[in-house]
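Comments concern the structure below.
The values are calculated or read from the model by the stated rules, or taken from the named source; none is laboratory data. Source: prediction; values computed, not measured. Neighbour counts are summed over all protein chains in view; Cβ atoms, including those assigned to glycine, are modelled from backbone coordinates with ideal geometry. Calculation scope for accessible area: heavy atoms of the full protein, side chains included, ligands and nucleic acids excluded. Shrake-Rupley method; radii C 1.70, N 1.55, O 1.52, S 1.80 Å.
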Amino acid sequence: MSEAGSYIIRGGIQGRERLRVLAGVLAPRTRAMLEQLPVRPGDRSWDVGSGGGDVTLMIADMVGTEGRVLGTDLDPAKVALAAAEATTYPQVEYRVADITGEPPAETFDVAHARFLLSHLTDPAAAVAAIARTLRPGGTLAVADVDFSAPLCCPDSPAFRAYHDLYIRTGRHRGADPLIGTRLPALLHTAGLTDIHIQVNQPAEPDPATKLVHVLTLENIADAALAAGLTSTAELDAILADLRAAVDDSSIVLAAPRMVQTWGRAPR
């Protein structure tokens, strides 16, 4: 199945705006990981599944104008929006591409993929394909979710129902919303060495962190309904409770557990 066939989240402008909120929540953690790799001035980098380009531009700031960043995504609308926001970055290029197809002909010092592998039916093949584009000693960094760890206080049936629906919808398409803990093994199988892993789960009670859940549920609604896994009435009820939680500072709804893993190509 192609990436488009297994992807459960809406594309286009709605999908891009969800990614913008998510990027803001995760920016400090993503930047910290990229600094550990490290991403250096002059590096040639590939941001795989670049979405709205938030991480692409973060990498671009790190490689500078003497470096280069390629961002690829299967959604033409997101690629166009990202390109429009990158006009002051001459080192950035975006292309429409599906990771299940042919990888770029170029080679890279750093490749990065965030929240891509959990949407694929064959993530091992994707990791192997990305790894083959690395220069000797190059780094592949992947970050993805483990939806098996809902964290909310006080307990919320709506929040748990949303978690369960996300998992079932992803699995219905053949994807793996619990892939996070598998990431080190995928990199090892692809021949990478010096593998590192760290785990994050943003749990701030601020509205932006909690809004991610509302936006995610809204953006998987089409896929969940098409699969017959929920009803409009059930979705409306869950969304109403989640929206109420966003503005209630006494309620903590953590983001999904995120696993960050990186490794190096042999020299």
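Accessible surface for Leu19 stands near 40 Å², nearest 10, in the context of the full protein assembly shown (1.4 Å probe).
Taking every DSSP beta bridge that has both ends in the chain, the antiparallel portion is near 45%.
When Cα extents along the principal axes in Å is calculated for this entry, the matching label among [x] 53, 34, 33; [y] 72, 70, 32; [z] 53, 41, 33 is [x]. If the segment from Thr232 to Thr181 were pulled out straight at 0.36 nm per residue, it would be longer than the present Cα-Cα gap by 15.1 nm. The stretch 67-104 and the stretch 125-198 have their alpha-carbon centroids 22 Å apart.
Where in the stretch 99-123 does the amide nitrogen come within less than 18 Å of the point 7 Å from the Cα of Arg135, taken along Cα to Cβ? From the stretch 99-123, the list is 104-112. Stretching Arg171 away from Glu93 to a fully extended chain increases their span by 24.8 nm, per 0.36 nm per residue minus the current alpha-carbon distance. Split the accessible area of the chain by element, probe 1.4 Å, and carbon with sulfur accounts for 55%.
Accessible area per residue for the chain, computed on protein heavy atoms with a 1.4 Å probe, is 40 Å². The charge dipole of the chain, taken about its Cα centre with unit charges on the Cβ of Lys, Arg, Asp and Glu (plus for the first two, minus for the last two), comes to roughly 560 debye. Given their separation in residues at 0.36 nm each and the Cα-Cα distance between them, Ala80 and Leu151 gain 22.0 nm when the chain is fully extended.
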